[in-house]
Every structure is written in structure tokens, then in C-alpha cells.
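Enquirer: I have a structure here, written as C-alpha cells, and I will follow up with some questions on it.
Rule-based calculations on the coordinates, nothing more; no lab input. Since the structure is predicted, the reported quantities are computational estimates derived from the model, not experimental observations. All Cβ positions, glycine included, derive from the backbone under ideal geometry; neighbour counts span all protein chains shown.
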Amino acid sequence: MGKYFGTDGFRGEANVNLTVEHAYKVGRFLGWYYGQKTPDVKCRVVIGKDTRRSSYMFEYSLVAGLTASGADVYLLHVTTTPSVSYVVRTEEFSCGIMISASHNPYYDNGIKVINERGEKLEESVIEKIEDYLDGRMGEIPLARRDHIGRTVDFAAGRNRYIGYLISIATRSFKNMRVGLDCSNGSASAIAKNVFDALGAETHVIHNDPNGLNINLDCGSTHIRALQEYVKEQHLDVGFAYDGDADRCIAVDGEGEVVDGDRIMYICGKYMKEQGTLVNNTIVTTIMSNLGLYKALDREGIAYEKTAVGDKYVYENMAANGHCLGGEQSGHIIFSKNATTGDGILTSLKVMEVILEKKQTLHRLASEVEIFPQVLKNVRVSDKTAAQEDADVQKAVEEAVQELGSDGRILLRPSGTEPVMRVMAEARTTEICEMYVDRIISAMKKKGLVTE
């Protein structure tokens, strides 16, 4: 990760540590960079945004930078991150940009860059952008005369993506009562259209964005609202998305949460039965629950573990030819259909299993016993010292030995803060708490923790 760009783009509070000047310069660089890559073909960049008030501000800044460098810019307007990825790879754009801070509060925003293959931008190009932002590569020439770029309304691209999602469904959703929590975000422009077209009785909440209410006590990170709604309305199933709709968390008909781990199990087991689970393998991150792995072992499904971030999940999938992977948080990637996590696509895949197997989501999810998990964040003076300290490592090793196959311990640094994350999984919450506190105590005894 660089100075500005993390695992999911350049993110920060609008007009504090992510400014219009930053956006303009990112646009200037991308318009020039992709224009140089294909000098005989006009650089074409597609932009989407979520519903934050600041998204319009950043959109205009990016457009100014891109067109000043000679790129033509196509505007999808309010749309999802996966729709930008889809449009880039199917319409032969030079690259794509999504303006969103995903599940963060409205006052944050972000710039996600998607390469010409519809994948998250490679680190080598991110390093060049950061060099330009910090003035280490000199000035970029301005386009002149007829080389100056133009802006094109491209709402049609979003509509094509909606059509693509509808085409993926294997059967009608008729007689299914489905609840959607659109998080007052990007899904507001797409999700209901898809489910209505497929014949569902669609009930929607948090579908009225005003620029300030995105992710506010709603969506995939605040799932209780959908849980209550599904039970009150006696719905068959519910799906909650985050701000840019690249995540999906489900709720079964009894109001119980079905997170990304259980979704991967449900879809992976079904795909194995259908003969479509390539390499008989699911790619997870190190944060997936131990219960998922035990269930996969029982079903004879292999798995791999990556660092946290759907970017790393997809890199593993692409390198090894795997077709299903994701995160506990609901970033699920079906590589046959997408190159990024796609919340609406994920909900369609879950619906397929429910309908084809003629089972409720509650029944399908009950096959995975989720182990209690305790995660505590500890502020430290030096992340490397805290992770490598001999006494801390000894405490971790002892915990691992004592837990055996009935639990696990994870100690890892935050990618953006001076914080160590201590996580334990075990048969009970009390056991988790005991081991997490033991490791934190070891850090405190060595003076590694700051209050």
C-alpha cells in the first residue's frame, strides 16, 4: 500500500485528506498515462459514483483532469462499483473510475481506479500516480486544440449492466418475497429494477439517498434494520448492500444473518454439485471463520487463504484459475461473471441455489456452524515491534497449541492505522475473550501499547 492508495483506492475525508486537487491530478495522470499506452487510439475513461454529496465535486474534478490530458470521459452517473468494472471490460475502455468510500460514512469519499481488464489497478501504476501527486515526475503536457477531451453521457452503460444481471438468473423469482436494503447508496439505482424484472415481490428499504444518509444505520454494515424488516414483513429472504454495492450480506426468513462465509459455502457446495466449481477450490481471506473451513472439509472442498482484501482474493483466483472467492464481509467474486465483488450478482447467485434446491436460506445456511469470534484493536507505538516481539509471539504460540483444532488466533497489523488487530475464534465467546486478553496483556507488559 502506498501513501495515498490503500487496498481499495485513494480514500479519505472529503476536502481534508482527499481533495479536489488530488482528484484533478489523478485525472490528469490517468488521461495522460493511458493516452500514451495507446497513442493511435483515443483514451476513453468511464466514471461512476455513489450517492455522497461530495461525489459530484470529485466527479467534476476528475473530468477536468482527464479531458485536460486528452481523454474522453463517459459518465455512468450514480451506479455500482461492479457496473463500472463490467462496462470497462465489455465496452473496451482504457480504464474506469469509481467515486466511492464503500461502507464509510458520507463525509468520506474515495477514488477507485479499474484497469482496462476490469480489475483493480495494479500496484506499478499506483506507484506512478503517487509519484505524480508528490511532484516526483515533473509536469504532464496539456492537450491542445482538437486533442482536448470531451464528456459523454453514458447512462446507457448502466442499463446494459442491469440487462446483464437479469440475463444471469436461471429462473423466475415469481412468488418469492424479497427484501432489499440499498444502504441509501449505489444499489438504489439498480437493485429493485433487477428483482422486479425477474418477477420477485420486491420490498425495499433505505432506497432514498439524500447525499448524507449513505450507510447511515443501514446496509451490510448495519444489518439489524434488514433483520427486523424481514421478520415484520414475513419475507422469504433479504439482501443488504454497502454504499457502492460490491458487498452483500443476506438475511434468512427467520431474520438470521447469513454472512459472506456462509454465502461462499452455500454457493460453493451448489457449484460443486453442478460440476462448475473449478479446481474444487474456494479462495478466502485469513479472516474467514473456522466454521467455514470445517464445513468445507466435511464437503471435500479445498480452500486457499489470502491477505484481507478482495483485491488479494481476486489476484489468487486469477493466478490459479479458481472461480469462487470472497470475504466474510460480503465481497464475493464469481469470476465467470465478474472481476470484482458484486453485491447484486451475489444475491442472484444465492437466489439460484434457493430456487434450484427448493430449500430455504435458513436450511442451507444451517450446515455451517459459525464459531464465536472476538476481535480487539490495540493502538501500538510500533506495529512491526509488536508483531515480532518474542514474548508476544510466545503468547500467540501457546494459545494456538491450547486451542488445537477447536479454535484459532490471529494477530495482524492494520493497513492504515497504528493498530494491531487481535482475533480469536473458539467454541465460546468466553474462551475467545480469554486468549485475546492474554495476548494484549503480553503487549502491555512489554510497553508496546499506547493508550
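Enquirer: Towards the positive end of the charge dipole of the chain, with charges on Cβ (+1 Lys, Arg; -1 Asp, Glu), say which of Val20, Ile370, Gly291 has the farthest Cα.
Expert: Val20
Enquirer: Same structure again: Using the beta-carbon distance between Tyr60 and Glu417 and R0 = 22 Å, what value does 1/(1 + (r/R0)^6) give for FRET efficiency, to the nearest 0.05?
Expert: The computed FRET efficiency comes out at 0.10.
Enquirer: Once amide H atoms are placed 1.01 Å from N in the peptide plane, what residues at a sequence separation of 5 or more from Thr306, or on another chain, have their amide H within under 5 Å of its amide H?
Expert: Thr284, Thr285, Ile286
Enquirer: Zone of Lys294 (label point 7 Å along Cα→Cβ, backbone N under 14 Å): which residues in the range 362-380?
Expert: Under 14 Å, as judged by backbone N against the label point of Lys294, lie 366-373 of the range 362-380.
Enquirer: What is the range 5-156 by shape, rounded, prolate or oblate, if you read a ≥ b ≥ c off the alpha carbon gyration tensor as root eigenvalues and call it rounded for a/c under 1.5, prolate for a/b larger than b/c, and oblate otherwise?
Expert: rounded
Enquirer: Now for a separate question. Go through the range 179-190 residue by residue and turn each phi into a ³J(HN,Hα) via Karplus (6.51, -1.76, 1.60, θ = phi - 60°); whole Hz please, and just put x for glycine and proline.
Expert: These are the phi-based 3J(HN,Hα) values: x, 10, 9, 8, 6, 6, x, 4, 4, 4, 8, 9 Hz.
Enquirer: Past 32 Å, Cα to Cα: identify those pairs from Lys192/Lys269; Lys305/Lys444; Lys311/Lys445, in the order given. Don't jump to the answer; show the numbers that get you there.
Expert: Values: Lys192/Lys269 28 Å; Lys305/Lys444 30 Å; Lys311/Lys445 36 Å.
Going by Cα-Cα distance, Lys311/Lys445 fall outside the 32 Å limit.
Enquirer: Any aspartates and glutamates with Cα under 17 Å of the Lys383 Cα? List them, leaving off those in the same chain fewer than 8 positions away.
Expert: Result set, ordered by chain and number: Asp391, Glu417, Glu451.
Enquirer: Further question: Of Leu235, Gly149, Val194, which is farthest towards the positive pole of the chain's charge dipole, taken about the Cα centre with +1 and -1 on the beta-carbons of Lys, Arg and Asp, Glu respectively?
Expert: Of the options given, the answer is Gly149.
Enquirer: Stretched out fully, how many nm does the piece from Ala197 to Ile286 gain, at 0.36 nm a residue minus the Cα gap?
Expert: In short, 28.3 nm is gained.
Enquirer: Also, I was wondering about something else. Amide H to amide H under 5 Å from His77: which residues, 5+ apart in sequence or cross-chain, H placed 1.01 Å off N in plane?
Expert: Under 5 Å from the amide H of His77: Lys49.
Enquirer: Once the piece of chain linking Asn175 and Lys446 is laid out straight, how much longer is it, given 0.36 nm per residue of separation minus the C-alpha distance between them?
Expert: The span from Asn175 to Lys446 would gain 91.5 nm if fully extended.
Enquirer: If the only charges are +1 at each Lys and Arg Cβ and -1 at each Asp and Glu Cβ, what is the size of the charge dipole of the range 308-443 around the Cα centre, to the nearest 20 debye?
Expert: 480 debye
Enquirer: Give, in nm to one decimal, the length gained when the segment between Lys128 and Asp382 is fully stretched (0.36 nm per residue of separation minus the Cα-Cα distance).
Expert: Using 0.36 nm per residue and subtracting the Cα-Cα distance, I get 88.6 nm.
Enquirer: With all pairs of different alpha carbon atoms counted, what Kirkwood hydrodynamic radius in Å does the chain show?
Expert: Evaluated over the chain, this radius sits at 22.9 Å.
Enquirer: Follow-up. So what are the ³J(HN,Hα) numbers for the range 167-174, from phi and the Karplus equation (6.51, -1.76, 1.60; θ = phi - 60°), rounded to whole Hz, Gly and Pro as x?
Expert: Using θ = phi - 60°, the values come out as 5, 6, 4, 8, 7, 5, 9, 3 Hz.
Enquirer: By count of other Cβ within 10 Å, fewest leading, how are Val125, Val178 ordered?
Expert: So the residues, fewest neighbours to most, are Val125, Val178.
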